[in-house]
Amino acid sequence: MSFAVMMVHVDLEGFDARVRLAANLARRFSSTLIGVSAALVEEDRVAIKTLLDRRQEAFRCFARDAGLKLDWRSANDLPDDFVAREARAADLLIIGRASAPGGVTRAVDPGRAVLRAGRPALIVPPDVEVLRAERVVVAWKDSREARRAVVDALPLLHEAKQVSVVEIQDIDGDVRAQRRVDDVAQYLMRHGIAAGSRVLTQDGRKSADALIDVAQKDGADLIVAGAYGQSRLGEWVFGGVTRDLLSACPVCCLLAH
């Protein structure tokens, strides 16, 4: 299993660590890397087109220097809408955890992108430019989103030295939880992946904080999780763990909805 095509969102303000991370990941998997960028500023369409053309030229030079197969897509359009549509061309979408300045007309909202793209999204914190994924935490919840996330992450999990399947409980004592994570670990081992399982309690913490603690103690730089949310009256409402990972997680997250 592999990622044949990756798509990275490029901010209008220029390249950042996320683009370098995407390039390294694409090289590692021999993937085509597609750069994608958009903005919708009706009163200054010419200036936006000029800026997007500059980003395209810089991206192509960068990708060629890195020896990558590449493509580029851009438009004068709302970034959230454009990225969600163009994600059809990729196996993995790579976007920043923090939205760039400019609001909805110039920046991608990572939460909306995860829920709308129909592709797994690698959420990259600011200033993180390397993803080794040698140690990975799988945040388990017995849901279709978590199952989808595990399958979507298989190319990365195959290369990991250690994968920990972790379920966080409100209170201790649910014996079914250990069976659930054991099943997932066994599934991964049958795919040739070194995996273990744990059930932990919140101990007064948010579930996302407990997951982050596990990742940091394990030396993991990737959390794999389902993404939970729905649209209500035109606004996206996220599950608690999803919201917290999107807002503050210091390591990369591969999320699937």
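If you check every pair at least six apart or on different chains, which have Cβ atoms under 8 Å apart with a residue in the stretch 84-111 that is over 19 Å from residue 73 (Cα atoms) and open to solvent by less than 40 Å² (accessible area, probe 1.4 Å) first and a residue that is small (Gly, Ala, Ser) and outside any loop (DSSP other than H, G, I, E, B) second?
111/229
Checking residue 130 against (1) modelled with pLDDT under 95; (2) out of contact with any helix residue (DSSP H, G or I) (no Cβ under 6 Å at 6 or more places or on another chain), which test does it fail?
Result: residue 130 passes all but (1).
When you go through (1) in contact (Cβ under 8 Å) with a residue 40 or more places away in the chain; (2) over 16 Å from residue 201 (Cβ atoms) one by one for residue 142, which number turns out not to apply?
(1)
Yes or no, residue by residue, for (1) under 20 Å from residue 151 (Cα atoms); (2) in contact (Cβ under 8 Å) with a residue 12 or more places away in the chain:
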position: 175; (1), (2): no, no
position: 190; (1), (2): yes, no
position: 197; (1), (2): yes, yes
position: 204; (1), (2): no, no
position: 210; (1), (2): no, yes
position: 214; (1), (2): no, yes
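For the stretch 16-33, does any single residue satisfy the condition of being small (Gly, Ala, Ser), open to solvent by 20 Å² or more (accessible area, probe 1.4 Å) and more than 29 Å from residue 151 (Cβ to Cβ)?
First, pick out the residues of the stretch 16-33 that are small (Gly, Ala, Ser): 17, 22-23, 26, 30-31.
Checking the rest, the ones that are also open to solvent by 20 Å² or more (accessible area, probe 1.4 Å) come to 30.
Going one step further and asking which of them are more than 29 Å from residue 151 (Cβ to Cβ), we end up with none.
The answer is no; no qualifying residue exists.
Out of the stretch 203-221, which residues are outside any loop (DSSP other than H, G, I, E, B) and either under 25 Å from residue 21 (Cβ atoms) or out of contact with any strand residue (DSSP E or B) (no Cβ under 9 Å at 6 or more places or on another chain) (or both)?
Let us first name the residues in the stretch 203-221 that are outside any loop (DSSP other than H, G, I, E, B), namely 207-218.
Listed by number, the residues that qualify are 208, 209, 211, 212, 213, 214, 215, 216, 217, 218.
Take the stretch 1-14 and flag every residue that is within 13 Å of residue 59 (Cα to Cα) and surrounded by fewer than 16 Cβ atoms within 10 Å (Cβ to Cβ).
Just the residues of the stretch 1-14 that are within 13 Å of residue 59 (Cα to Cα), to begin with: 7-14.
13, 14, listed by residue number.
Any residue in the stretch 18-25 that is modelled with pLDDT of 95 or more, of a type in the set (D, E, K, R), closer than 22 Å to residue 253 by Cβ and within 16 Å of the chain's Cα centre (by Cα)?
No, every residue in the stretch 18-25 fails to be modelled with pLDDT of 95 or more, of a type in the set (D, E, K, R), closer than 22 Å to residue 253 by Cβ and within 16 Å of the chain's Cα centre (by Cα).
Restricting the search to the stretch 148-171, which residues are among the charged types (D, E, K, R) and either at pLDDT 95 or above or within 14 Å of the chain's Cα centre (by Cα) (or both)?
Once the filter is applied, which keeps residues that are among the charged types (D, E, K, R) and either at pLDDT 95 or above or within 14 Å of the chain's Cα centre (by Cα) (or both), the stretch 148-171 yields 148, 152, 159, 161, 167.
Name the single residue that is surrounded by the most Cβ atoms within 10 Å (Cβ to Cβ) among those in the stretch 149-181 being more than 20 Å from residue 131 (Cβ to Cβ) and β-branched (Val, Ile, Thr). Outline the logic, then answer.
As a first pass, look at the stretch 149-181 and keep what is more than 20 Å from residue 131 (Cβ to Cβ): 167-181.
Cutting the leftovers down to β-branched (Val, Ile, Thr) gives us 168, 171, 175, 181.
Values: 168: 24, 171: 7, 175: 7, 181: 21.
This residue is 168.
Residue-by-condition table, conditions (1) within 29 Å of residue 154 (Cβ to Cβ); (2) open to solvent by less than 40 Å² (accessible area, probe 1.4 Å); (3) free of Cβ contacts under 8 Å to residues at least 12 places away in the same chain:
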residue: 38; (1), (2), (3): no, yes, no
residue: 50; (1), (2), (3): no, no, yes
residue: 60; (1), (2), (3): no, no, no
residue: 72; (1), (2), (3): yes, yes, no
residue: 116; (1), (2), (3): yes, no, no
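Would a scan of the stretch 188-202 turn up a residue that is surrounded by 14 or more Cβ atoms within 10 Å (Cβ to Cβ) and in a helix (DSSP H, G or I)?
yes
The values are calculated or read from the model by the stated rules, or taken from the named source; none is laboratory data. Since the structure is predicted, the reported quantities are computational estimates derived from the model, not experimental observations. So basically every Cβ, Gly included, is an ideal-geometry build from the backbone, and we count neighbours across all protein chains shown. Side chains are part of the model used for accessible areas, which takes the heavy atoms of the whole protein and leaves out ligands, DNA and RNA. Shrake-Rupley method; radii C 1.70, N 1.55, O 1.52, S 1.80 Å.
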